[in-house]
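A short write-up of the structure that comes next.
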Amino acid sequence: MHTTQHFHSFASWNERLFEEMYVAFYAGRSNSDPSANWYQGEMWFFDNVVIPMARRIEESKVFGISGEKSLANAIENRRHWALTGNQIVDGCVSRIKQRLGIDVSLESKDGNRDAKGQSGPTDHLVQWNTDMLKNLLRKIVALRKDKAARQDDLVENPSTRNGGESVTLEFPLLIQSGDSSVDPKTILLDSVVETQLEDLVASIASMYNEHAFHNFKHASSVANVSDKLLQRLKDEYLEMQTFEPLTHFAIILSALIHDLDHPGCPNLLLSEDHILCQKYRGKSMAEQHSLVTFWNAFGDEKYNELRDALFANQQELTRFQKLVVTCVMSTDLYDTELNEARSMRWKQ
C-alpha cells in the first residue's frame, strides 16, 4: 500500500520498517543486518513486486483513476529511491543508532515486547475503525432485511487442492450500489452489538506490538486504503459497483488483523529457532499466527451477539472465515506456492 502512495508517505513507512528490522537484528530475532542491502532490496521490490502489481491493477481498470495514480506513484517512487535511497538509508541508520538503547530495551529475544498494546493516540483509530465496521454491519443487516436479497451471493466456488482442501475463495459477484431497497442509514444496531464491536476493535489494537512498522497504525492505514479502493470498483461498463456487505466487512477486518501480534521481523529473516518458525514449520508464520490469534479472540462468548448480528446462518460464517483466511494469507508476498496460485488466478 505505502509503496504506491506519494514518496513522503512511502519514505516515512519505509524508515519505520527499516527500524523494526534493524531492532530485530540487534535483538537477535533476525540474522540479517538490513543496512547491508536495504537500498538494493527496495529496488528489487519495486521492479519485481510493486510496479508489476500496480501495472496489473491499472490495466484491469477495476479501480479507475486510482489504479492509474497508484502506478504513476510506484514508478516515481522507484525513480526517487534510485536517486536518494542510499542517503536515506544512511540517515535511517544514524537516527536509529542514536535511539537504539531505548528501543531495544523494550524487545526480548523471543520476539515479544515487555509491554504490549497501544494507548493514547490509538484511541481515535479504534473509534474510527469501529465506525467504519458499524456502517458495514448496517449494510449487512439492511441487505438481509431486503426481501429481494439475492440468494446466489451465498454460493461458494472455492478452488481446491490436495483432495478438496480450500486454498482460495472466489469472491461473490459485485452488485450495483443501492440494490437493496432498505436504506442502511435506517438500521439501528442493538447497543450490545455496538459495544461488542468496539470492544473487539479495541482488543485487536491491544494485540498489536509497538513495533515501528507492523503496528495498529499501519493496520488502520491498510484498512482505510482498502475501504477507499473497494468503494471505487468499476465493471467493464465503468458503472460503480460494490461488494456485497459481508464480503466488504471481511476484507476490511482482514486488513485490520493482518499483522496481529507480528514478531517484528519478516518471515524470510526470522531466526530458525524462533517460536513461530517452530510452530508453523517455516510456512507463512506471521500470517498464520495473526489468524490464530484473531480467531481465538473472536470466538470468545462475549462476542455472541456480535456474531449473531453478522451471520444469519452457518453458511455465512463459513464463507466469512474463508474470506478472512484468504485475505490474510495473501499478504505473504514471498511464499512461492502462494505466488504461483496468485499468478495462475490472474491469468485466468
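The values are calculated or read from the model by the stated rules, or taken from the named source; none is laboratory data. Being a predicted model, the structure only gives us computed values, none of them experimental. A quick note on method: Cβ atoms are made from the backbone with ideal geometry, for glycine too, and the neighbour counts reach across all protein chains shown. For the accessible areas, the whole protein counts, side chains as well, though only heavy atoms, and no ligand, DNA or RNA atoms are used. Shrake-Rupley method; radii C 1.70, N 1.55, O 1.52, S 1.80 Å.
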For the range 274-305, what are the residues that are in contact (Cβ under 8 Å) with a residue 24 or more places away in the chain, of a type outside the set (D, E, K, R) and not in a helix (DSSP H, G or I)?
His274, Ser284
Per-region count, the range 45-68, residues touching a Phe, Trp or Tyr at 6+ places or on another chain (Cβ under 9 Å) and open to solvent by 80 Å² or more (accessible area, probe 1.4 Å):
1
Would you be able to tell me the number of residues in the range 322-348 that are open to solvent by 70 Å² or more (accessible area, probe 1.4 Å) and assigned to a helix (DSSP H, G or I)?
8
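Rundown of residues vs (1) open to solvent by 10 Å² or more (accessible area, probe 1.4 Å); (2) touching a strand residue (DSSP E or B) at 6+ places or on another chain (Cβ under 6 Å); (3) modelled with pLDDT under 80; (4) not charged (D, E, K, R), yes/no style:
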| residue | (1), (2), (3), (4) |
| --- | --- |
| His214 | yes, no, no, yes |
| Leu229 | yes, no, no, yes |
| Glu239 | yes, no, yes, no |
| Ile251 | yes, no, no, yes |
| Ile257 | no, no, no, yes |
| Lys279 | yes, no, no, no |
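So if I check each of Arg99, Arg79, Arg55, which one is closer than 27 Å to Leu230 by Cα and part of a helix (DSSP H, G or I)?
Working: Arg99 fails: closer than 27 Å to Leu230 by Cα; Arg79 fails: closer than 27 Å to Leu230 by Cα.
Only one candidate passes the filter, namely Arg55.
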Could you look through the range 22-44, keep only residues that are of a type outside the set (A, V, I, L, M, F, W, C) and in a helix (DSSP H, G or I), and pick out the one that is least open to solvent (accessible area, probe 1.4 Å)?
Pro34
For the range 180-236, give me each residue that is among the acidic types (Asp, Glu) and part of a helix (DSSP H, G or I).
Glu194, Glu198, Asp199, Asp227
Scanning the range 287-335 residue by residue, the ones that are of a type in the set (Asp, Glu) and closer than 26 Å to Cys265 by Cα total 3
